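Worksheet: the structure to be examined is printed underneath.
The values are calculated or read from the model by the stated rules, or taken from the named source; none is laboratory data. All of these numbers come straight from a predicted model, not from anything done at the bench. Methodologically, a virtual Cβ is constructed for each residue, glycine included, from the backbone with ideal geometry; neighbour enumeration extends over all protein chains shown. Accessible surface areas use protein heavy atoms only, side chains included; no ligands, DNA or RNA. Shrake-Rupley method; radii C 1.70, N 1.55, O 1.52, S 1.80 Å.
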Amino acid sequence: MTMDVEMKETQAPSISVSTGISATLQQLKESASLIETGAYAREVRRIVRAVRLTMQVRRKLNTSVLSSFLSFTLAPGSEVYSRLLSFLPKEDEHDMELDTATSAPSVPAKHPLPELEIYCYLIVLIFLIDQKRYNEAKACATASIARLKNLNRRTVDVLASRLYFYYSLTYELTGDLAEIRGNLLSLHRIATLRRDELGQETLLNLLLRNYLHYNLYDQAEKLRSKAPRFEAHSNQQFSRYLFYLGKIRTIQLEYTDAKDSLLQAARKAPVAALGFRVQCNKWAIIVRLLLGEIPERTVFMQKGMEKALRPYFELTNAVRIGDLELFKSVADKFSSIFKTDGTHNLIVRLRHNVIRTGLRNISISYSRISLVDVAKKLRLDSPNPVADAESIVAKAIRDGAIDATLDHANGFMVSKETGDIYSTNEPQLAFNSRIAFCLNMHNEAVRALRFPPNSHKEKESAEKRRERQQQEQELAKHIAEEDDDEF
């Protein structure tokens, strides 16, 4: 009895591991079945669903599962099978025993569909990236891209767009992003000629990311302006495009357009993409400060973003007060964070806004003040602070930032009485901007509506309705649980 109990205890872990491997393998086979059905029926939505199901089990992948799946999908001994198997790490004896125990006898396809072949490249590449085997991942990605160039099938486009993304990611993780720029341009040209719109928008974003990674903003804007126009098919890709467009517009001093793009990108991003939304909010905060606006406190208190946005909250507080010394101390304190985020050069531009805000507060508080006191209150540390204060006041008066006059002979700044703001056009302009924002959001929501073809001609049965509702619930669940690695 004692020996039986001990034997059962030692066998239990291997049985559970074997069960887990077989379940993961079964899920991959279901995804492959969806891809096969979608390829024959030319239904891209089935392939999209298969990719989403694969992302759910990506953390459970291991060498034994992948080798069993490759044996099931591809013909053993074929060139593709041997190449993909060479990318995988070697199995130990324990994994090999489990592999032989869980693999069911099956007749592999002699000539697998191109969609299944590309899908095998995709899951192997994802596994190698998760295992941080970047050299093998680069070789696998390069081989998959070479194979994709010879395929021109609309049912491959969804899988191809994912491969493009991970192809660029592997080279970015190894610091060799500049090497593939020419290849990405060639792939974008091929996608344009083949009318692969999903591939076009994916490759355009990858090229923009490539240029912006090396601060090549002029080249990025030239590419963006010359790229062919098309309707966005992926919400994630459109969010990325808006983010890159906002960064380009910010560097080009077009702050109003940059603010609209960044806020729209943060709003359209999935809830699970927390890191992407944090980056959008960081750039949007800086752009709003450069425009002279002060972001609301609720922006910094969004769930999961409080710690990441803390440096920008202190920076906003310094700009709001108009304290130049506090601004310098905050900029020095978090300089490493600002450099990592790529916003350090923009924060240098904020110095003028801090001075202008402090000067506006002075003009409201004093009807008449000497330039010496203005220099002291602004805490100017230049060799000739009075002359600098005079030039700052003169420029602010010329730009309309303050309503005052400059008495050069006596060295005074004389503020005018504050008039009624409702007698000006400012309220009308504010209402106009808000109405335009609401109309733009409504138009985008209408364009985003998707209807099945001929839905007005056929009546839906109860069974079809249940199936459709179940698919919609699964799709909503997959979108909510989508990995942050997508961004």
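Laid out as a table, the results:
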{"read-out": "³J(HN,Hα) computed for each position of segment 291-305 - Karplus, 6.51 cos²θ - 1.76 cosθ + 1.60, integer Hz, glycine/proline x", "value": "7, x, 8, 10, x, 5, 5, 5, 4, 7, 9, 5, 4, x, 10"}
{"read-out": "Tensor-based shape of segment 293-365 (alpha-carbon gyration tensor, a/c under 1.5 rounded, otherwise prolate or oblate)", "value": "oblate"}
{"read-out": "Stretchable slack from N384 to N410, in nm (0.36 nm times residue separation minus alpha-carbon distance)", "value": "7.6 nm"}
{"read-out": "Difference of contour (0.36 nm per residue) and Cα-Cα distance, N150 to K464", "value": "109.2 nm"}
{"read-out": "Surface accessible to a 1.4 Å probe, per residue, for the residues of segment 293-365, Å²", "value": "53"}
{"read-out": "A404 long-range amide H proximity, modeled H, under 5 Å", "value": "K416"}
{"read-out": "Within segment 242-264: backbone nitrogen closer than 18 Å to the H344 label point (7 Å, Cα to C-beta)", "value": "251"}
{"read-out": "Net charge of Cβ neighbours under 12 Å - reference Y171; Lys, Arg +1; Asp, Glu -1", "value": "0"}
{"read-out": "Qualifying trypsin sites (Lys or Arg not before Pro) for segment 267-305 [loop in DSSP, other Cβ within 10 Å: at most 16]", "value": "K303"}
{"read-out": "Listed peptides 197-209, 437-449, 136-148, 173-185 by packing density, highest first (mean Cβ within 10 Å)", "value": "197-209, 136-148, 173-185, 437-449"}
{"read-out": "Surface share of carbon and sulfur [accessible, 1.4 angstrom probe, percent] for segment 119-212", "value": "45"}
{"read-out": "Sites E254 and N425 - FRET efficiency at Förster radius 22 Å, r taken between beta-carbons, to 0.05", "value": "0.45"}
{"read-out": "Estimated inter-spin distance, F437 and S225, nm [label 7 Å along Cα→Cβ]", "value": "2.8"}
{"read-out": "Accessible surface of S363 - all protein chains present, 1.4 Å probe, nearest 10 Å²", "value": "20"}
{"read-out": "At R0 = 35 Å, FRET efficiency that the Cβ-Cβ distance of L216 and D332 yields, to 0.05", "value": "0.75"}
{"read-out": "³J(HN,Hα), Karplus 6.51/-1.76/1.60, whole Hz, each residue of segment 143-157, x for Gly, Pro", "value": "5, 5, 5, 4, 6, 5, 5, 9, 10, 9, 10, 5, 6, 8, 4"}
{"read-out": "Full-stretch length increase - D373, Q56 - with 0.36 nm per residue and alpha-carbon distance subtracted", "value": "107.7 nm"}
{"read-out": "Gyration tensor (Cα) of segment 227-285, equivalent ellipsoid semi-axes in angstrom", "value": "17, 16, 7"}
